[in-house]
Structure formats: structure tokens, C-alpha cells
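Heads up, the thing below is written out as C-alpha cells.
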Amino acid sequence: MTELLDLEDWAWQHATDVYRLNLYGHLTGRTVLRRSAVTEEELAGAIRNSFTQVNETAYREMVKLATDAALETYDRVASRTIKLSRARRAN
């Protein structure tokens with residue numbers, strides 16, 4: 001059971017990182033290369049700066065896209081890890 005909880009926490013952490021990276025990229029118009037995460041300060045700064053440059057509809061779309069990417073990442077990470085775990089148990 002502990003292993004399953006660790007898996008869920010790990011998958012959610014990856015999903016959170018993907019969400020932040022995607023939202024940051026949309027807000028700044030920059031791709032974050034060779035990084036797996038952005039800091040809270042970087043994301044907060046991008047959000048503050050976007051208020052003068054992005055209308056509410058565009059902002060909502062960016063949040064939706066980032067959320068969709070994060071949920072997709074969670075599903076992929078959790079599914080793959082569960083499959084690997086079951087395969088290991090079967091052997």
C-alpha cells in the first residue's frame with residue numbers, strides 16, 4: 001500500500017511540474033529547455049506580468065491547456081508504473 005501511495009505522489013509531482021512548465025511557457029511565450037520544472041517565483045512572476053498582456057479568455061485557455069497536459073502526464077506516469085509493477089510481481 002505504501003508503494004502505491006508513493007507512486008501516486010510521484011505521478012502527481014510530475015503532473016504538477018508539467019502544469020507549471022506549460023503555463024509558464026504559454027504566459028511568457030518561451031520554451032523552457034533542459035529543465036524539468038520552474039520555480040514558484042518564476043511562475044508567479046509570469047502570471048503577474050501576463051495580467052497586462054493577456055485577456056481573461058486567453059488566460060483561461062492557457063490554464064486549460066496546462067491542466068490537460070498535466071492530467072495526461074499523470075495518467076501516463078501512473079499507468080506505465082502500474083503496468084511495470086504488475087509485470088515485476090508476475091515474475
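Things worth noting here:
- For the chain, the 222 nm mean residue ellipticity estimated from helices alone, with every DSSP H stretch of n ≥ 4 adding -39500 (n - 2.57) and the total spread over all residues, rounds to -28500 deg cm²/dmol.
- The relative contact order of the chain comes to 42 percent, based on Cα pairs under 8 Å that sit 6 or more residues apart.
- Packing around the peptides 22-28, 51-57, taken as the average count of other Cβ atoms within 10 Å per residue, puts them in this order, highest first: 22-28, 51-57.
- Shown here for segment 1-85: trypsin sites (Lys or Arg not before Pro) in loop regions (DSSP other than H, G, I, E, B) with at most 16 other Cβ atoms within 10 Å, namely Arg30, Arg34, Arg35.
- For segment 16-30, Karplus couplings with θ = phi - 60° (6.51, -1.76, 1.60), whole Hz, Gly/Pro x: 5, 4, 5, 4, 5, 4, 5, 5, 4, x, 5, 5, 9, x, 10
- Check: the chain dipole with +1 on Lys, Arg Cβ and -1 on Asp, Glu Cβ, in debye: 420
Only the coordinates and a few stated rules stand behind these numbers; no lab work does. All values derive from a computational prediction rather than experimental measurement. Using ideal geometry, Cβ is built from the backbone for each residue, glycine included, and neighbour counts are taken over all protein chains shown.
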